[in-house]
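We did not get these values from a lab; they are worked out from the coordinates using the rules stated. This one's a predicted model, so the numbers in the text were calculated from it and none came from an experiment. When we count neighbours, we look across all protein chains shown, and the Cβ atoms used for this are built from the backbone with ideal geometry, even at glycine.
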Amino acid sequence: MFFSDEIVYPLKISSLSVPSGGTEVLVYAFSDERVTFPEATEEYNAIITPNQLKEYSILSGLIDETFILTKLRKTFTSEEMGDDLVLVPVPKYITLGSIIDLNSPVEQFILVIGIFIFLLKIKMRNI
């Protein structure tokens, strides 16, 4: 365990011992917010208080405030392990541009239809 402004997993050094089929990386991150990295599967996240760590003497001596525990998993090939892994905060809000390509006429049409249906449902509730 170490303290840093960024959450870094030393992936590059781990690449030296990767079998040909790849290796699974399991990351437990203690931070102020949920974190992730590209293509990670989030298996768990929860708010943890110091009282919950009393039975874990190693952790209770290091952690004295409330934090979020995030458990992430991904299988890497040795080629994917060229750089260390930097975990980033999970966005609290999803932007529309990350879901739909606003430059595509088809997706613009889908967006307009979706807004129309949404407004129609609101109007139907008010009748």
statement: Log entry: pair-distance distribution for the range 1-51, C-alpha pairs binned every 5 Å from zero, whole % per bin is 4, 13, 24, 23, 19, 10, 5, 2, 0
task: Could you grab the relative contact order for the chain? Cα pairs under 8 Å, six or more apart, rounded to a whole percent.
output: 34
message: With a 10 Å cut-off between alpha carbons and a GNM built on the chain, which of VAL27, VAL88, VAL106 moves the most?
response: VAL106
- prompt: Which of the lysines could be linked to LYS74 by a straight reach, that is with a Cα gap under 20 Å, when you skip same-chain ones fewer than 8 residues away?
  reply: LYS12
- request: Note the listed values (1) 33.6, 117; (2) 15.0, 46; (3) 21.2, 67, then indicate which one is Rg and Dmax of the Cα atoms in Å calculated from this particular structure.
  value: (3)
task: In nm, give the distance between the simple-model label positions of TYR9 and ILE48, each being 7 Å from the Cα along the Cα-to-Cβ direction.
output: 1.5
- prompt: Local charge sum around PHE76 (other residues, Cβ-Cβ under 10 Å, Lys/Arg +1, Asp/Glu -1)?
  reply: -3
